[in-house]
Amino acid sequence: MPIDQDAFFSMLGIAMRAGQLTLGADGVHAAIAAREAGFVLLDAGASENTKKRLRDACAHYGAALAETADDRLGFAIGKPGRMCAAVKKGTLCDKLKALSESGSSGRM
């Protein structure tokens, strides 16, 4: 089930302003391969090719992956149309993971 909660997207905007995100399929894939990505986000509207490429990379390198509701990712970070992002490992990454997990279990 895609993430669709305001607290998560507010925190994602903070991560963007803090310089903790890598954007674009190629950049995200490179961050995953370099083991810099602690959490990868895919927009539900991303192409199937992009989704498969990043899912496979996350599975291979052990990075966490979540899907956001359609068109929410780009607007949350102030760059409409972006389909994927990688959050660098650290405190913001841990907080975003916790928010995504709490949203998927129905709490919040």
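Computed from the coordinates by the stated procedures, all read-outs in this text should not be read as laboratory data. Worth saying up front: this structure is predicted, and the values here are computed from it rather than measured. Glycine also receives a Cβ, built like all others from the backbone with ideal geometry; neighbour counts cover every protein chain displayed.
Lysines within cross-link reach of K97: Cα-Cα under 18 Å, excluding same-chain residues under 8 positions apart? Here the lysines satisfying the reach criterion relative to K97 are K88, K89. Percent relative contact order of region 6-102, based on C-alpha pairs within less than 8 angstrom and at least six residues apart? Relative contact order of region 6-102: 41 percent. Beta-bridge orientation, region 6-102: approximately 60 percent antiparallel, per DSSP, counting only bridges with both partners inside. Take the alpha carbon atoms of the chain, find their radius of gyration, then divide it by 2.2 N^0.38 Å using N residues; give the quotient. Against the empirical 2.2 N^0.38 Å value, I get 0.94 for the chain.
Over all other residues within a Cβ to Cβ distance under 11 Å of K89, the charged ones net out to +1, with Lys and Arg as +1 and Asp and Glu as -1. For K52, a cut-off of 14 angstrom between C-alpha atoms picks up these aspartates and glutamates, skipping any fewer than 8 places away in its own chain: D26, D43, E67. Between the C-alpha center of region 56-85 and that of region 15-40 there is a gap of 10 Å. Panel order for L12, L41, by other beta carbons found within 10 Å of each beta carbon, from fewest to most: L12, L41.
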